[in-house]
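Laboratory data are not the source of any read-out in this text; all were calculated from the coordinates shown. The shown structure was predicted, so the numbers you read here are calculated from the model rather than taken from an experiment. Don't worry about glycine lacking a Cβ; one is built from the backbone with ideal geometry, like all the others, and counts go over all protein chains shown.
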Amino acid sequence: MRFISFVAAAAIFCLPPFQSASATQSGGGKVPPQYVLISFDGAHANDLWQRSRALGQKTNARFTYFLSCVFLVQRSDRGRYKPPRMAAGRSNVGFAFTKEEIAERLDNIWTAHLEGHEIASHGCGHFDGKDWTRSDWNTELKEFRRIVADGYAANGIAGEPQGWRELAEHGITGFRAPYLATGKPVEKALKANGFRYQASGVTRGPELPHRTSDLASFGLPLIPEGPSHRPIIAMDYNLYVRHSAGFEKPSHSQAFENRAYDAFKAAFDRQYAGERVPLQLGFHFVEMNAGAYWRALERFAGDVCMKPDVQCITYSDYLQKTAPAERHAEH
């Protein structure tokens, strides 16, 4: 989670013009679908797994879950995780408490995968890797794949689905760094470890991903928010910090929900009526300000995701659907 000041946000808005989605329109001027990419970081609380999956079923949306692997490790067994530059068993976000909790989480992960949602990586211990080397990132990414692959066996949980290890070792191809830490070392490590994209950037507004032959890079956009329309990263945590300085204010929950919804919907409307650049929104498995931002998400998804010319899809599905057109546009 990263909070960007108004000064930094304003600086990003002064960057050169971003790539227009109009390039994806063919010579006949056909309007592309409006893509919406909704994601969740951490992906630990089982009740929110179920709530998000229910939202996906209700709205025909498919989400990307950036999973932290420590939530597949019991606290009593935390020494199994060996992070870079630290002693085994360290984590900034804790571990799972019980085997039963992990079993339920594994079932949610696998069921979400079968339902068409994307399981992606948020690393393991939620450390700030801005100063890590490629070797450090290699360690973290390999720990992620190992711990997820061993999710059933290492915890003594029966019923590992056929295909689970294939998903963990080869099917997880997306990554978002904790604290949105980006840089060449992590990019090189991602390429070496079978990842196709990262979603750790921040952009001055909705932008198309930057694609190379072996890695695509997405950025969460800055969107106008609040009475003064100040730019903010389109993520629940940043709204939480702006609205209440990172402290719970349940008595203001409805007002915060309305502000968040208005910001999401205005950002959507701007693209839907314009160039139709994909809109990315990020959330966490935490109900900040008494659930204000989850409720805003549910209202938003209910309003837009079932429109015939809107597709609320995963990052990997977006890359698959748009690759030929965007590659043509880049040339």
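Quick notes on this one:
- Only one residue of 159, 217, 61 has its Cα farthest out toward the positive end of the dipole of segment 33-330, where Lys and Arg carry +1 and Asp and Glu -1 on Cβ, and that residue is 217.
- This ranking places 186, 70 by how few other beta-carbon atoms lie within 10 Å of each, fewest first, which gives 186, 70.
- Helix axis angle, 99-114 relative to the chain longest principal axis, alpha carbon, degrees: 40 degrees
- Going from the residue with the fewest nearby Cβ atoms within 10 Å to the one with the most, 297, 215, 72 rank 215, 297, 72.
- Diffusion coefficient of segment 33-330 by Stokes-Einstein, Kirkwood radius over Cα pairs, 25 °C, 0.890 mPa s: 126 µm²/s.
- Net charge dipole, the chain: roughly 560 debye, given to the nearest 20, about the Cα centre with Cβ charges of +1 for Lys and Arg and -1 for Asp and Glu.
- Dipole of the chain, positive direction: furthest Cα of 310, 111, 70, with charges on the beta-carbon: 70
- Over the chain, relative contact order from alpha-carbon pairs under 8 Å, at least 6 apart, %: 26 percent
- Rounded, prolate or oblate (a/c below 1.5 giving rounded, otherwise prolate when a/b exceeds b/c) for segment 81-229 by Cα gyration tensor: prolate
- Where chymotrypsin sites (Phe, Trp or Tyr not before Pro) fall in DSSP loop in segment 155-257, at most 10 other Cβ within 10 Å: 247
- Of all aspartates and glutamates in the structure, those lying under 18 Å Cα to Cα from residue 184, and not within fewer than 8 positions of it along the same chain, are 128, 131, 136, 140, 214.
- Cα-based helix-to-principal-axis angle, 315-330 vs the chain, degrees rounded to 10: 50 degrees
- Each of 305, 69 has some number of other Cβ atoms within 10 Å of its Cβ, and from fewest to most they run 305, 69.
- The chymotrypsin sites (Phe, Trp or Tyr not before Pro) of segment 70-152 that DSSP puts in a loop, and whose beta carbon has at most 12 other beta carbons within 10 Å, are 97.
- For segment 105-126, the residues whose amide N sits under 17 Å from a probe point set 7 Å from the Cα of residue 157 along the beta carbon direction are 105-115, 119-122, 124.
- Summarising the label geometry, the points placed 7 Å from Cα in the beta-carbon direction at residue 133 and residue 210 lie 2.5 nm from one another.
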